[in-house]
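Below you'll find the structure, written out as structure tokens, and then a few comments.
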Amino acid sequence: MKRIFLIVLDSCGCGAMPDSPSFGDAGVNTLRSCAASSKLHIPNLRKAGLGNIEGLSFLGKTDAPTAAYCRLAEKSMGKDTTIGHWEIAGIVSPQPMPTYPEGFPEEILESFRNQTGRGVLANAPWSGTAVIEQYGAEHIRTGDLIVYTSADSVFQIAAHEDIVPPEKLYEYCRIARKLLQGKHGVGRVIARPFVGEPGSFQRTANRHDFSLEPPKETLLDAVKKAGMDTLAVGKIYDIFAGQGITEHVYNQSNANGMEHTTAYAQRDFCGLCFVNLVDFDMVYGHRRDAAGYANALNEFDRWLGSFLPTLGDEDMLMITADHGCDPGYDATSDHTREYVPILVYGKGIKAGDLGTRQTFADVAATAAHALGVELDTPGTVMEALFV
């Protein structure tokens, strides 16, 4: 293969794993909840064989799938964005990243306050929209930063753009990132800018993630080392702390991310285009909006129908996810521990069932094999694709 387009539909899980109850996620299934909304209309994904994947027969099966398909189990001990993407790129994380259900310890906050010169509000797990409604007015009055977390390994800082401009907020996030290492090495420090007035605050598209550096070489590193292009669309650059990436572009929305992917496909590059579409998770999953999630999938499906005919003879398209965020699950508003689907298209790809595979890292192993690059990963190549 000359080019691989690897697209992550952020949080598009396809059913609970055997260990999901230990993560507090019994019976979850993101795609099932989307289908139950009655809004879901994804003919291209169904035609590919999405409904043929184990546990997804409610989507409708096809006798002539246009893609190879299977579900992937997460081998890493987590259900967050960083660990999920790292595993897709070839790294299995046997230990979970630290979480803070009681808020961050004073040793961290004291250093943070001293280095930023600002106070701290909240310091507890919160919904991102609820926390700014609760503390936004006080933040505007005092200039104190809204610091909060979730069930995931994150340190989030919310600030009104009129009080703390985004670039200044990013500076504060970099301070936090340097503090949060070792035993407090959270997966991501996230800038969460917002605008508006009390009672009508809105988060903006100026979110920015500051991730831990991957602990070893990823698929991106291997492709770059081989002298090929590694093009990152959306928050991929942030998730991998820029490592192994030759060019990147941020998204303002899923639609914008699909536009960027189309634009890259029109270029004569050689290597990997790694795409994250975060609206599924950020806008719909966490807000438990099943109808909105379904409509976002419909939008992607329409784009997919126009994108597939543009693939060349030496192109491969891989569509997968990094975890679940079941919009029908009321127990929490956080990510859900789920299998994820994968669909693989290409003129040199054999369509059909690849079963259930034991790690997301099989994606990295397969992509590295297809591009002819060396990668040390616990994943295994999906050899049936190339028969």
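The values are calculated or read from the model by the stated rules, or taken from the named source; none is laboratory data. As the structure is a computational prediction, the values presented were derived from the model and not from experiment. Glycine gets a Cβ as well: all are built from the backbone with ideal geometry, and neighbour counts include every protein chain shown. Please note that ligands, DNA and RNA were not included when accessible areas were found on the heavy atoms of the full protein model with its side chains. Shrake-Rupley method; radii C 1.70, N 1.55, O 1.52, S 1.80 Å.
Restricted to the stretch 246-280, and to residues that are hydroxyl-bearing (Ser, Thr, Tyr) and farther than 11 Å from Val233 by Cβ, which residue is most open to solvent (accessible area, probe 1.4 Å)? It would help to see each step written out before you state the result.
Kept after step one, since they are hydroxyl-bearing (Ser, Thr, Tyr), are these residues of the stretch 246-280: 246, 250, 253, 261-262, 264.
With the extra rule that they be farther than 11 Å from Val233 by Cβ, the set shrinks to 246, 253.
Numbers: Thr246: 70, Ser253: 39 Å².
Checking each candidate, the answer is Thr246.
Among the residues of the stretch 24-53, write down those that are within 14 Å of Lys79 (Cα to Cα) and crowded, with 23+ Cβ neighbours inside 10 Å. Even if it seems obvious, please write down each step before you answer.
Here is the first cut: in the stretch 24-53, the residues within 14 Å of Lys79 (Cα to Cα) are 24-26, 28-30.
Residues satisfying the conditions are Asp25, Val28, Asn29, Thr30.
Specify which of the listed residues (Ser37, Ser76, Ser22, Ser111) is among the polar types (S, T, N, Q) and either touching a His at 6+ places or on another chain (Cβ under 6 Å) or farther than 30 Å from Gly185 by Cα (or both).
One residue alone meets the criteria, Ser37.
Pairs, please: C-beta under 6 Å, at least 6 apart or cross-chain, first residue β-branched (Val, Ile, Thr) and in the stretch 297-316, second part of a helix (DSSP H, G or I)?
Close Cβ pairs satisfying both conditions: Thr310/Ala265.
Ala67: touching a strand residue (DSSP E or B) at 6+ places or on another chain (Cβ under 8 Å), more than 30 Å from Met228 (Cβ to Cβ) and of a type in the set (A, V, I, L, M), yes or no?
On the way: touching a strand residue (DSSP E or B) at 6+ places or on another chain (Cβ under 8 Å): yes; more than 30 Å from Met228 (Cβ to Cβ): no; of a type in the set (A, V, I, L, M): yes.
No.
Tally the residues that are in contact with a strand residue (DSSP E or B) (Cβ under 6 Å, 6 or more places away or on another chain) and either open to solvent by less than 40 Å² (accessible area, probe 1.4 Å) or within 14 Å of Asp152 (Cβ to Cβ) (or both), restricting the search to the stretch 105-123.
5
If Pro96 meets every condition in (1) in contact with a helix residue (DSSP H, G or I) (Cβ under 9 Å, 6 or more places away or on another chain); (2) farther than 14 Å from Pro215 by Cα; (3) open to solvent by 10 Å² or more (accessible area, probe 1.4 Å) apart from one, which number is that one?
Of everything listed in (1) in contact with a helix residue (DSSP H, G or I) (Cβ under 9 Å, 6 or more places away or on another chain); (2) farther than 14 Å from Pro215 by Cα; (3) open to solvent by 10 Å² or more (accessible area, probe 1.4 Å), Pro96 misses just condition (2).
Limited to the stretch 191-206, what total is found for residues that are of a type in the set (D, E, K, R) and either closer than 30 Å to His369 by Cβ or open to solvent by 50 Å² or more (accessible area, probe 1.4 Å) (or both)? Full working, then the answer.
Quick first cut of the stretch 191-206, residues of a type in the set (D, E, K, R) only: 192, 197, 203.
Remaining after also requiring either closer than 30 Å to His369 by Cβ or open to solvent by 50 Å² or more (accessible area, probe 1.4 Å) (or both): 197, 203.
Adding up the residues that qualify gives 2.
Looking only at the stretch 67-85, which residues are open to solvent by 10 Å² or more (accessible area, probe 1.4 Å) and under 10 Å from the mean Cα position of the chain (by Cα)?
Residue satisfying the conditions is Asp80 alone.
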